[in-house]
Amino acid sequence: MIDNLLYQIQQLKTYDCTRFSTYSLKGNANGYIFLTLHRPSNVDSRETFEGIAAALNHIAEDTPIFFPVHPRTKKMMGQFDIKLSENIKRLPPLGFKESLFCGRMRRL
């Protein structure tokens, strides 16, 4: 997996990232956290998911969070009536390359 990660990061250096739906959002942000959340152990238990959501809402007070919402997570958010801060920007699911794109590409 690390080989694919490094390969995809290299590909981003020559890829037309303006095609990404998140190009402006990430490019104009002065720092953000990128969140993925979909493992059953994190979202299938109301108590666990509520605890994670509370922590994320607290973190989002200081730093915006960009969150592509996985279908499983979306379903459980509705089922458990999970409320997220407005500082947590919910996005549609994203591909791997777009997820890696950070807006202001830096050399790694």
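None of the figures in this text is laboratory data; all of them are computed from the coordinates on show. The shown structure was predicted, so the numbers you read here are calculated from the model rather than taken from an experiment. Cβ coordinates were reconstructed from backbone atoms using ideal geometry, including for glycine residues, and neighbour counts include every protein chain displayed.
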- How about region 95-107: which of its residues are touching a residue at least 40 places away in the same chain (Cβ under 8 Å) and not in a helix (DSSP H, G or I)? PHE101, CYS102, GLY103, ARG104, MET105
- In region 1-41, anything assigned to a helix (DSSP H, G or I), of a type outside the set (Gly, Ala, Ser) and surrounded by 15 or more Cβ atoms within 10 Å (Cβ to Cβ) is listed as GLN8, ILE9, LEU12, CYS17, TYR23, LEU25, LYS26
- Message: I'd like the full set of residues that are within 26 Å of PHE20 (Cα to Cα) and out of contact with any Leu (no Cβ under 6 Å at 6 or more places or on another chain), limited to region 67-76.
- Response: VAL69, HIS70, PRO71, ARG72, LYS74, LYS75
- Note on the structure: The residue from ASN28, ASN57, ASN42 that alone is polar (S, T, N, Q) and farther than 18 Å from MET77 by Cβ is ASN28
- Query: Given the structure, is ASP44 loosely packed, with under 10 Cβ neighbours inside 10 Å and over 17 Å from the mean Cα position of the chain (by Cα)?
  - Reply: no
- Within region 57-94, can you find the residues that are in a strand (DSSP E or B) and either hydrophobic (A, V, I, L, M, F, W, C) or surrounded by fewer than 18 Cβ atoms within 10 Å (Cβ to Cβ) (or both)? ILE65, PHE66, PHE67, ILE88, ARG90, LEU91
